[in-house]
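K.L.:
Pasting a structure below so you can have a look.
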Amino acid sequence: MEKEIYLDNSATTRVCEEAAQKALEMMTEFYGNPSSLHSKGLEAEHEIQYARKVIAGSVSAMPEEIYFTSGGTEGNNTAVFGAVNALKRRGKRIVTTAIEHSSVYEAMQELEKQGYEVIYLPPDESGCVRAEDIKKAVTKDTILVSIMAVNNELGSVQPISAVKRAVTAAGSPALFHVDAVQAYMKMPVIPKKTGIDLMTVSGHKIHAPKGVGALYVKKGVRIIPLHYGGMQERKLRPGTEAAPLICAMGRAVEVYDRQQGEKIKELNKIFRQRLSEIDGIVFNSDEGCLPYIINFSLPGFRSETLLHFLAERGIFVSSGSACAKGHKSHVLEAMKYDDKRADSALRISFSDENSADDANIIVNNLKIAVSTLASS
C-alpha cells in the first residue's frame, strides 16, 4: 500500500506541526518553571496564560474558569469526585448514563461502593438517552448529573440541553458535568448557554499532544481537589504545569479549522455509501450521530481479526474505545446488541486529514477480508 490510512482519530490524532513546534519552543526557549519569580519563569507563565485565554475563548468562558489537567480521564475524575465530595451532605443520588466513557463509568461504580445511589440511564435505539428519562431521574436529593456530549464509540449526540431544566424543575442542588472530549471543537458546546457547571476537554483529540486537557469550572462553583501540594491551577490541580503540552494545546486550538465539519459530513456520507456495498454490514451509528464517527458491525467476523487484517495493510481503525484495551464494550452491551453484533463492531473516526479515497481503500480491503476469512 502506498500510504497509511489512519481512521482512529477518536482514539488520538496526529499532532499538527504548529502544536509540535510550540511544544519544542516551550522546551527549548521558554523552559523556566512557571511558578518561579525570575524572568524565565514569568515568560513561561505568560505563555500558559495565553493558552488559557485561547481555550477559554473556544468555549465562550472566562480564563479563570479553565484549569489545566493531564487529559480527559483526570478531568472527568476531578469533576465527578470533586462535585460529589463538595455536595455529599446534600444528598446521595447521582444521575449518569450507561454509555459514559470508562473514566466516568468506573468512577460511578466506585461511588456506588462508597454508598451513593447511581442511576444509569439507558440509551434508545439511536444511542441517545431520552430527555424525559433525565427529567424523571433527577430528584431533589440529586447532587450530580454527568452526561457526555458525544459518545466516544457511537458518536451519538446526547440531549445535554435537557439537564439544567430537569435540575431546576426538581429543585435539586446538583452540579451538571459534561464530558465533551469527543465534541470539543467539532460541535458547539457552550457551558453558559447549556447550564453546564463542569466540562472536560482533551488535547490529543484535536491534534495537540497526549497528556494535556482542560476542565471548565463555572465561576462560583466549588469542587474538592483530588490532589494536594501546591498553588498551581489555584490549588484545584497542584503540581508544576506541563507548559510545553499546555501551550501546544493552545496552539492547536488556535489553528483548528472549525469549518471542517461540512467536509467531514460529506466524508461520512461517502463512507456510508461505500460501506453499504459490503454484504451483511450493520451500522451501529445512527445517521443523526456526530459525523466524525461511524461504528458498524460485520456479524460473523470478530472485530479483532478484522482490525489486524486491516492493520497489516496499513489501515488503522478501532474496535471501540482505546481505553477498553480490547475488553467487552459496556456501550454496545447497553445498546442490547447480541454477541455476534457486538463482537464484530469496528469504529472508524475522521479528521480533516482523511479523504474520499480512504473510503475506497478501506471498503475494498474489507471486501477482501470478508471473502478471505469466510473461505478460511
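No lab work stands behind these numbers, since they all come straight from the coordinates. Note that the coordinates shown come from a computational prediction; the quantities given were computed from them, not determined experimentally. As a convention, Cβ positions derive from the backbone with ideal geometry for all residues, glycine included, and neighbour counts pool all protein chains shown.
K.L.:
If you put +1 on each Lys and Arg Cβ and -1 on each Asp and Glu Cβ, how big is the dipole of the chain around its Cα centre, in Debye rounded to 20?
P.N.:
1420 debye
K.L.:
Per-residue ellipticity at 222 nm for the chain, helices alone: DSSP H runs ≥ 4 residues times -39500 (n - 2.57), over residue total, nearest 500 deg cm²/dmol? Intermediate values should be presented prior to the final figure.
P.N.:
Working: 13 runs with 145 residues, N = 376.
Calculated mean residue ellipticity at 222 nm is -11500 deg cm²/dmol.
K.L.:
Would you mind ranking 283, 176, 81 so that the residue whose beta carbon has the fewest other beta carbons within 10 Å leads the list?
P.N.:
Going from least to most buried by this count: 283, 81, 176.
K.L.:
With θ taken as phi - 60° and the coefficients 6.51, -1.76 and 1.60, list the Karplus ³J(HN,Hα) couplings across region 253-262 in order, rounded to whole Hz; mark glycine and proline as x.
P.N.:
5, 4, 9, 5, 8, 6, 8, 6, x, 5
K.L.:
Here's something else I'd like to know. Distance from a point 7 Å along Cα→Cβ of residue 364 to each backbone N in region 296-312: keep the residues under 17 Å and list them by number.
P.N.:
310-312, by backbone N distance to the label point.
K.L.:
Sticking with this one: Extension gain residue 24-residue 338, at 0.36 nm per residue separation less the Cα-Cα distance, in nm?
P.N.:
Values: separation 314, 0.36 × 314 = 113.04 nm, distance 4.81 nm.
So the extension gain works out to 108.2 nm.
K.L.:
Using the count of nearby Cβ atoms within 10 Å as a rough guide to exposure, how do 54, 150 rank from fewest to most?
P.N.:
54, 150
K.L.:
Shifting gears a bit: Apply the Karplus parameterisation 6.51 cos²θ - 1.76 cosθ + 1.60, with θ equal to phi minus 60°, to every residue of region 185-194 and state each ³J(HN,Hα) to the nearest whole Hz, in sequence, with x for glycine and proline.
P.N.:
Per-residue couplings from phi come out as 6, 9, 8, x, 10, 10, x, 5, 7, 9 Hz.
K.L.:
Follow-up. Hey, rough spin-label estimate for residue 4 and residue 33, points 7 angstrom out along Cα→Cβ, what's it come to in nanometres?
P.N.:
Distance between the two pseudo-spin positions: 3.7 nm.
K.L.:
If you count the DSSP beta bridges with both ends in the chain, what percent of them are antiparallel, to the nearest 5?
P.N.:
Details: 18 of 35 bridges.
So the antiparallel bridges amount to about 50 percent of the total.
K.L.:
Modelling each spin label as a point 7 Å along the Cα-to-Cβ direction, I'd like the residue 169/residue 255 distance in nm, to one decimal.
P.N.:
Reported label-point gap for residue 169 and residue 255 is 4.6 nm.
K.L.:
Now for a different question. Within the set of other residues whose C-beta is less than 11 Å from the C-beta of residue 108, count the net charge using Lys and Arg as +1 and Asp and Glu as -1. Write down the numbers at each step before the final one.
P.N.:
Details: positive: 113; negative: 100, 106, 110, 112, 117.
Residues close to residue 108 contribute a combined charge of -4.
K.L.:
Net charge near residue 162: determine it from the other residues with C-beta under 14 Å of the C-beta of residue 162, scoring Lys and Arg +1 and Asp and Glu -1. All intermediate terms of the calculation are to be shown ahead of the outcome.
P.N.:
Details: positive: 130, 135, 136, 164, 165, 193; negative: 124, 132, 133.
Around residue 162, the surrounding residues sum to +3.
K.L.:
Another question about this same structure. Which entries of 113/135; 205/336; 192/235; 164/235; 53/192 have Cα-Cα distances beyond 18 Å here?
P.N.:
Details: 113/135 25 Å; 205/336 28 Å; 192/235 24 Å; 164/235 28 Å; 53/192 16 Å.
Going by Cα-Cα distance, 113/135; 205/336; 192/235; 164/235 fall outside the 18 Å limit.
K.L.:
Which net charge results when you count Lys and Arg as +1 and Asp and Glu as -1 among the other residues whose beta-carbon is under 10 Å from that of residue 66?
P.N.:
On the way: positive: 52, 53; negative: 64, 65, 233.
Computed value for this residue: -1.
K.L.:
For 319, 39, 58, 156, what's the fewest-to-most ordering of other Cβ within 10 Å of each Cβ? The partial results should precede the final answer.
P.N.:
On the way: 319 23, 39 9, 58 20, 156 26.
Ascending Cβ contact count within 10 Å gives the list 39, 58, 319, 156.
K.L.:
Modelled label-to-label distance, residue 141 and residue 60, 7 Å Cα→beta-carbon offset: nm?
P.N.:
According to this spin-label approximation, the distance is 3.7 nm.
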